[in-house]
Amino acid sequence: MNDYFKHTVFFWLKEPENQSNRKTFETSLKKFINTSTYIQSKHIGIPAETNREVIDSSYTYCLSLGFSSKENQDKYQEEPAHKVFIQESCQLWHKVVVYDSISIF
């Protein structure tokens, strides 16, 4: 299956060195994405050890999800598991940036 719609989210935790907060965030995030009905592909990452002028590695976590359609991504936004993740974790981050894109190839 090809991902038509990519949903990429960058999270900046308030206390990125706090291992307890990281574990809480990771546990909630994994629980959420592993129970989603609509996610087709998933990637949870941390900044790679790369150093070039064009790279922003200031974030704490990156989440990249693939969907077969925009409609499925819209449904994912309303899933109870997604809302629970936000409720459980929002106090841990101070910034979130989202990039959504659709495939042209």
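List of remarks:
- Assessment of region 18-30 against the conditions (touching an Asp or Glu at 6+ places or on another chain (Cβ under 7 Å), assigned to a helix (DSSP H, G or I) and surrounded by 15 or more Cβ atoms within 10 Å (Cβ to Cβ)) yields at least one matching residue.
- Residue count for region 7-17 satisfying the condition of being surrounded by fewer than 18 Cβ atoms within 10 Å (Cβ to Cβ) and touching an Asp or Glu at 6+ places or on another chain (Cβ under 9 Å): 1.
- Residue check, A81 at pLDDT below 95 and of a type outside the set (F, W, Y): yes
- Among the residues of region 31-61, those identified as among the polar types (S, T, N, Q), loosely packed, with under 14 Cβ neighbours inside 10 Å, farther than 19 Å from L92 by Cα and more than 13 Å from the chain's Cα centre (by Cα) are T37, T50, N51.
The values are calculated or read from the model by the stated rules, or taken from the named source; none is laboratory data. What you see is a predicted model, and the numbers here were worked out from it, not measured in a lab. Cβ atoms come from the backbone with ideal geometry, glycine included; neighbour counts cover every protein chain shown.
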